[in-house]
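The values are calculated or read from the model by the stated rules, or taken from the named source; none is laboratory data. Values in this document were obtained by computation on a predicted structure and should not be read as measured data. We work out accessible area using only protein heavy atoms, side chains counted, and drop any ligands, DNA or RNA first. Shrake-Rupley method; radii C 1.70, N 1.55, O 1.52, S 1.80 Å.
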Amino acid sequence: MSNTAAKSVVLVHGGFVDGSGWDGVYQILKKDGYDVTIVQNPTTSLADDVAVTRRAIAAAPGDVILVGHSYGGVVVSEAGTDPKVAAVVYIAAFAPDADESVSTLIANPPPGAPVPPILPPVDGFLMLDKAKFAASFAADVRPSLASFMADSQVPWGVAALEGKVTTPAWKVKPSWYLVATDDKMIPPPAQRQMASRAKATTLEVPGSHAVYVSDPAAVASLIKQAAADVSKK
């Protein structure tokens, strides 16, 4: 890696999980000399999560490659207009346009698309059915870890789900997108459509929605590609 490459990476998790799922990606990037920050979103509202992410960007040295998984794609779309952000990377993520939210993007699923096992809200927060978590979210993650992820879920605020993006980062920053071709949470055709709309450099990888956990090498490789490409410009 050259001295001019963007060496800071900020990783943003999505709904129902915390930042610990990035461990495999983190270890690879650290080994390769990157400064890595893992954002711990409260997932209470989009505004709160964007604020936490912006603080992480501000604290990171130099230019930042901003990475979001799932709902984290909404967060990085809103926070990624920060001048320090050199590129935005979406990992099986929502990439909303202005005035779009997760809620609007999932309102009309394509016929035959899997329906995520989201339970009815309790006190304004959502959870996935634990019994169906592995099959829908983490089918290619080792069973003991998928079980842990199901039992350690972070309640996802309905306010976060409904948070709308103002100016999406992908309109003003170079973007990359990893499509998880076996995703049962965000249908792959929807991922491809969002990646195409964002004019993102796109990589397709066999994997569940938790591809960042099950195939950290592929995810880290795309992040490193983004860092290398923006450093050439």
Check your understanding: Which value, in Å³ per residue, describes the convex hull spanned by the Cα atoms of region 125-175?
Key -> 113 Å³
Revision key, fill the gap. With all protein chains in place and a 1.4 Å probe, Arg142 shows an accessible area in Å² (nearest 10) of 150 Å²
Review point. Karplus couplings for region 201-211 from phi (6.51 cos²θ - 1.76 cosθ + 1.60, θ = phi - 60°), rounded to Hz, Gly and Pro as x?
Key: 5, 10, 10, 9, 9, x, x, 7, 4, 8, 4
**Study point:** Karplus (6.51, -1.76, 1.60) ³J(HN,Hα), θ = phi - 60°, over region 154-165, in Hz, Gly and Pro reported as x
**Key:** 9, x, 9, x, 4, 5, 6, 4, 9, x, 9, 6
**Study point:** the chain - convex hull of the alpha-carbon atoms, volume per residue in Å³
**Key:** 105 Å³
Practice item. Determine how large the accessible area of Met149 is when every protein chain is in place; take a 1.4 Å probe and give Å² rounded to the nearest 10. Key: 20 Å²
Check your understanding: Counting only the heavy atoms of the protein chains, how much of Leu119 is accessible to a 1.4 Å probe, in Å² to the nearest 10?
Key -> 70 Å²
Review point. Over the chain, what is the percentage of antiparallel beta bridges among all DSSP beta bridges, to the nearest 5?
Key: 15 percent
Exercise for review: State the percentage of accessible surface on region 1-66 attributable to carbon and sulfur atoms; use a 1.4 Å probe and exclude ligands, DNA and RNA.
Suggested key: 50 percent
Exercise for review: Would you mind working out the accessible area per residue for region 48-190, using a 1.4 Å probe, and quoting it in Å²?
Suggested key: 42 Å²
Review point. Long-range amide H contacts for Phe16: which residues qualify at under 5 Å (H placed 1.01 Å from N, peptide plane, sequence gap of 5 or more or a different chain)?
Key: Val154, Trp156
Check your understanding: Using modelled backbone amide H atoms (1.01 Å from N, in-plane), which distant-in-sequence or interchain residues come within less than 5 Å of Thr202's amide H?
Key -> Tyr177
**Study point:** For region 157-233 and region 1-74, distance of Cα centres in Å
**Key:** 13 Å
**Study point:** For the chain, calculated [θ]222 nm from helices alone, where every DSSP H run of n ≥ 4 adds -39500 (n - 2.57)
**Key:** -10000 deg cm²/dmol
Revision key, fill the gap. For Val9, the residues 5 or more places away or on another chain with a placed amide H closer than 5 Å to its own amide H are Asp35, Val36, Thr37, Ile65
